[in-house]
Every structure is written in structure tokens, then in C-alpha cells.
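Student: After the C-alpha cells below, expect a handful of questions from me.
None of the figures in this text is laboratory data; all of them are computed from the coordinates on show. Please read all numbers here as calculations on a predicted model, not as lab measurements. Here the Cβ positions follow ideal geometry from the backbone for every residue, glycine too, while neighbour counts run over all protein chains shown.
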Amino acid sequence: MACMNKHHQELTDGVGKCSVPMWSGGCPAGFCDLPAYGKQIPQPYRQAYAPGLACPFHGGPIKKEE
């Protein structure tokens with residue numbers, strides 16, 4: 001599995017990369033890497049776990065309009 005870099009853990013100018021692990025045929029295939037705007041919002045049940053930032057598709061916050 002690839003290691004998370006700072007873009008998966010910290011926001012730069014309000015945006016980072018989604019840290020949800022991706023799998024292909026049961027083997028690690030990197031991270032989602034879609035634009036992420038914060039940490040995953042807690043839910044009682046969630047299929048995808050994001051160890052760092054999460055995109056809106058994986059339970060992260062949506063982009064705030066300025």
C-alpha cells in the first residue's frame with residue numbers, strides 16, 4: 001500500500017486529497033485522491049474508512065462557497 005503523504009492529511013488552500021484506500025482484486029491500489037475539504041463526518045455505519053481527509057463521496061464535507 002502506498003503511504004499517505006501530507007496532501008492526504010492536511011488541507012492546502014482549503015483542499016487536499018481523499019485518503020480512502022482503493023482495492024483491485026483484493027490488492028491495494030492506492031487512494032481515491034479526489035479533492036477533499038476536510039475529515040470524514042462521523043456516521044454510525046460507513047463502508048469506506050478514511051484515515052486522513054475524505055472527499056464528499058466518501059463522507060467528507062462539501063466544498064464551502066466563498
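Student: For the chain, how big is the tail of P(r) above 18 Å, as a whole percent of Cα pairs?
Tutor: So the pairs more than 18 Å apart make up 32 percent of the total in the chain.
Student: Cysteines of the chain lacking any other cysteine beta carbon under 4.7 Å?
Tutor: Lone cysteines by the Cβ rule: Cys3, Cys27.
Student: Which residue fluctuates most in the GNM of the chain (Cα springs below 10 Å): Pro35, Pro44, Pro21?
Tutor: Of Pro35, Pro44, Pro21, the most mobile in the Gaussian network model is Pro44.
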